[in-house]
Amino acid sequence: MVRPKKHLGQHFLKNETIAQQIANSLQPGDYDKVVEIGPGMGVLTQFLLKSNKDVHVVELDSESVEYLKGHFAMRYDHIVEGDFLKMDLKETFGSNIAVIGNFPYNISSQIVFKVLENRHMIPQMAGMFQKEVAERIVAGPGSKTYGIISVLAAAYYDSEYLFTVDKEEFNPPPKVQSGVIRLVRKDDYSLPCDEKLFRTVVKTAFNQRRKTLRNALKSMGLSEELKASDLMTKRAEQLSLGDFIDITKTLQQP
């Protein structure tokens, strides 16, 4: 047995039926390997291995790594000890991967941002988050949970909230409910605008989400045309992905 460590955000799922559901949430797709983040004692890993996929696991906790090596018939080079957030994914895994996991809640949003940065080699992602974070990732315009991560995820992936998991299904139980979601990369995941500027626009708008866009984006040197736009009278949470792209394209104009 591995002792759950609070500083690593470990809450081990006990319910194997739910673990099977999470493993099944990955759809067939354009990926060569499945990379599980934070396997712990392998409750999800066991079902991934039964699917005949080329499964690799990434685990920061050395105690969990030793447990996995002793309890699963996996090649040792498929059990990677380290921090997923610090890895060069191309160097470590070499090809297209699907990412899955009962993600440690203290780094789950950072994992999503890492996936978005590496979208060219991650056609799909599925897994469990704190319910509030899961809802934020899949949220649409007009929702109070709609934010930076919602827009950036929607730019490149189609997202879906799959099901909720009760806190009593874990050891130790977290203080909140959990939610399982799936992200499937869009066929065309390039944006018709400067993508770096797009990310800056989104982050700047939501960092002052109570202000209208005219005030929130003031530091970006808005043209008179943009200032006069009806979009500028709205707040960030009211804007669609298309609206953010349109603002970015207008800002690009000389």
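Where a number appears in this text, it was derived from the coordinates with a stated rule and is not lab data. Keep in mind it's a predicted model, so treat the numbers as computed, not measured. All Cβ positions, even for glycine, are placed from backbone atoms using ideal geometry, and neighbour counts span all protein chains on display.
Cross-link partners of LYS90 among aspartates and glutamates, defined as those whose alpha carbon lies under 15 angstrom from its own and excluding same-chain residues fewer than eight positions apart: ASP32, GLU117. The magnitude of the dipole of segment 11-58, with charges of +1 and -1 set on the Cβ of Lys/Arg and Asp/Glu and taken from the Cα centre, is near 160 debye.
For the pair ASN24 and SER190, label points projected 7 Å from Cα toward Cβ lie 3.8 nm apart. Using the Cβ-Cβ distance between ASP32 and TYR161 with R0 set to 30 Å, the FRET efficiency works out to roughly 0.65.
Taking label positions 7 Å along the Cα-Cβ direction at both LYS144 and GLN208, the computed distance is 2.4 nm, reported to one decimal.
When the C-alpha to C-alpha distance is required to be over 31 Å, the pairs from LYS131/LYS196; LYS53/LYS175; LYS14/LYS114; LYS50/LYS144; LYS114/LYS144; LYS86/LYS234 that qualify are LYS53/LYS175; LYS50/LYS144; LYS86/LYS234. For PHE12, nonlocal amide neighbours, meaning residues 5 or more places apart or on other chains whose placed amide H falls under 5 Å from its own, are ASN171. Matching the structure-derived Rg and Dmax of the Cα atoms in Å against the labelled list (i) 19.8, 66; (ii) 16.9, 47; (iii) 35.4, 137 gives the label (i). Think of segment 29-178 as a dipole: +1 on every Lys or Arg Cβ, -1 on every Asp or Glu Cβ, centred on the Cα centre; then among GLN110, VAL55, LEU162, LEU162 lies furthest on the positive end. In this rough spin-label picture, where each label sits 7 Å from Cα along the Cβ direction, the GLU63-LYS234 distance is 5.0 nm. Put a plus charge on the Cβ of each Lys and Arg, a minus charge on the Cβ of each Asp and Glu, and nothing anywhere else: the dipole of the chain about its Cα centre is then about 900 debye. For segment 195-252, a simple Cβ point-charge model (Lys and Arg +1, Asp and Glu -1, everything else neutral) yields a dipole of about 360 debye relative to the Cα centre.
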